[in-house]
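The values are calculated or read from the model by the stated rules, or taken from the named source; none is laboratory data. Predicted model only: the values in this text are computed from it and were never measured. We place every Cβ from the backbone using ideal geometry, glycine too, and count neighbours over all the protein chains shown.
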Amino acid sequence: MRGRPRSGGVRSSADAAFHSPAPRRPLSALAVSLALASALSWGVADFAGGLLSRRLPTLTVTIVSQSAGFAALLVALALRDRPLDHRSFALGLLAGIGGGSGLAAFYRALSLGTMSIVSPLAACGALVPFTISLATGERPAPLALAGAALALLGAVGVSAPERRSEVPDRVRAVALAATAAVALGLFTYFLGLGSREGSALSTLVGARVGSLGVLVALALAARAPLRIGRRLLLPVAAVGLCDVGANALFALASDRGLLALVSVAGSLYPVITVVLAHLVLGERLTLLQRGALGVALVGICALAGG
C-alpha cells in the first residue's frame, strides 16, 4: 500500500485526490480480478443475507453479520505492528456512514414493495464514484470508459424484474432508491480513496465503525431484536466475513487501478445475486436479464482490454 507523501513542498494526499489529475493508466488484469472478486463476494453475501432475512429480522441479520466482520478486522488490527492511520480511518468512517445509511434507505424502499424501482436505481450507485473520480482528474482510456458504461448498463438490466408491480407511493420509493444509490456510491468512493491514499486496514475499520453506528442507532430506534439462535449464528457470521472480505478485495483493487473503473467492476454484484437465485432457487431469468448478462460480460472484457 502507498503511504502518505512526505511533507516539505509536496501536497498532501487529500489535496492530490481533489485537485490534481491522476495519471492515465490501464486497469490491470490484477485490478480487474480483484474488483470482480469483490463483486462475487458481495453478491454471495447479499444472496445469503437475503435468504437469512426470510427467517430473521433484516436489521438483526445486518448488525450481527457486520459485527462478525468487525471482529475479524479487530483481530487483523491487533496482529499489525502499526497504529491506525487517522486520515484513512476518517475516510473509512465517511464510507461506513454512507454504507449504513444506504442500506437503511434500500431496505426501507424494499419494504414498500418496490423492487422494480429500487433494484435498478440502487445498481446505478456506481455512477457516484465514477463521476467523482473523473471530476477529480482520473482519465481512463476510451475503450475502458465504453466498457464501464456497458458493465453498468448490464448490472442495471440484470436488476430489473420481469414485471413492474403497482407502487403505492412511487415518489417516495424513487426518493429512497436514489438516496440509497448515492449513499452506497459514496461508500464505494471513500472506501477506495482511503485504501488507495493511506492504509486499507484503517479504512476498513473506520467503515465498519461508521456502518455499525448507523445500523445500531436504527435498530435501537425500531426496538429490533439483536439476538439470534446458535443454529443460525454461524451462517449469519459467515455473511459478515464474506462482506468484509469483499471490502478488502475492493480496497486492494483500488490501489491497483483507476477508482472510476474499479468501482464499476465492483458494482456488478447484482449479477452474482441474480445468477445464484437462478442456480440455487430455480428463479427464472427473463430475456432482458439474459441479454443484460451478455452486455455486462462484454463490458468486463472492454474494461480489461482498456
**Any chance L176 is in contact (Cβ under 8 Å) with a residue 60 or more places away in the chain and buried (at least 24 other Cβ atoms within 10 Å of the Cβ)** = yes
**Prompt:** Out of all the residues in region 145-176, which are modelled with pLDDT under 75, farther than 30 Å from L303 by Cα and either assigned to a helix (DSSP H, G or I) or acidic (D, E) (or both)?
**Reply:** E166, D169, R170
**Complete:** Subset of region 63-84, residues at pLDDT below 90 and either under 15 Å from L233 (Cβ atoms) or among the charged types (D, E, K, R) (or both), comes to R80, D81, R82
**Prompt:** Residue check, S33 against (1) modelled with pLDDT of 85 or more; (2) crowded, with 20+ Cβ neighbours inside 10 Å; (3) among the hydroxyl-bearing types (S, T, Y), all met but one. Which one?
**Reply:** (2)
**Item:** Yes/no for R208 being farther than 14 Å from S33 by Cα, under 13 Å from the mean Cα position of the chain (by Cα) and either of a type in the set (D, E, K, R) or not in a helix (DSSP H, G or I) (or both)
**Value:** yes
**Asked** Say we look at region 238-258 and pick out the residues that are surrounded by 24 or more Cβ atoms within 10 Å (Cβ to Cβ) and modelled with pLDDT under 90; which of these is farthest from A149 (Cα to Cα)?
**Response** G257
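Under the condition of being of a type in the set (S, T, Y) and touching a residue at least 60 places away in the same chain (Cβ under 8 Å), which residue from region 55-65 is surrounded by the fewest Cβ atoms within 10 Å (Cβ to Cβ)?
We begin by selecting, within region 55-65, every residue of a type in the set (S, T, Y); these are 58, 60, 62, 65.
Checking the rest, the ones that are also touching a residue at least 60 places away in the same chain (Cβ under 8 Å) come to 60, 62, 65.
Working: T60: 19, T62: 28, S65: 24.
Result: T60.
Go over the candidates R208, R223, R256, R230 one by one and state the one that is in contact with a Phe, Trp or Tyr (Cβ under 8 Å, 6 or more places away or on another chain) and of a type in the set (K, R).
Working: R223 fails: in contact with a Phe, Trp or Tyr (Cβ under 8 Å, 6 or more places away or on another chain); R256 fails: in contact with a Phe, Trp or Tyr (Cβ under 8 Å, 6 or more places away or on another chain); R230 fails: in contact with a Phe, Trp or Tyr (Cβ under 8 Å, 6 or more places away or on another chain).
That would be R208, the only listed residue that is in contact with a Phe, Trp or Tyr (Cβ under 8 Å, 6 or more places away or on another chain) and of a type in the set (K, R).
Listed here are the residues, each with its yes/no results for (1) touching a helix residue (DSSP H, G or I) at 6+ places or on another chain (Cβ under 6 Å); (2) under 30 Å from L145 (Cβ atoms); (3) surrounded by fewer than 22 Cβ atoms within 10 Å (Cβ to Cβ).
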| site | (1), (2), (3) |
| --- | --- |
| S53 | yes, no, yes |
| S67 | no, no, yes |
| L79 | no, no, yes |
| D85 | yes, no, no |
| L91 | yes, yes, no |
| S101 | yes, yes, no |
| L110 | yes, no, yes |
| V118 | yes, yes, no |
| G125 | yes, yes, no |
**Prompt:** Are there any pairs with C-beta distances below 6 angstrom linking a residue in region 271-296 that is closer than 18 Å to D46 by Cβ to a residue that is part of a loop (DSSP other than H, G, I, E, B) and of a type in the set (D, E), with the two at least 6 apart or on different chains, and if so which?
**Reply:** A277/E283
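Which ranges mark the helices (runs of 4 or more DSSP H) fully within region 235-306 that have 3 or more residues being over 28 Å from L186 (Cβ atoms)?
On the way: elements: 259-266, 269-281, 287-305.
Fully inside region 235-306 and qualifying: 269-281, 287-305.
Using the structure shown, decide if S202 is in a helix (DSSP H, G or I) and under 20 Å from A39 (Cα atoms). Steps first, please.
Values: in a helix (DSSP H, G or I): yes; under 20 Å from A39 (Cα atoms): no.
The answer is no for S202.
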**Message:** Checking the structure you have, find out if any residue of region 265-275 is surrounded by fewer than 17 Cβ atoms within 10 Å (Cβ to Cβ), more than 16 Å from the chain's Cα centre (by Cα) and of a type in the set (A, V, I, L, M).
**Reply:** no
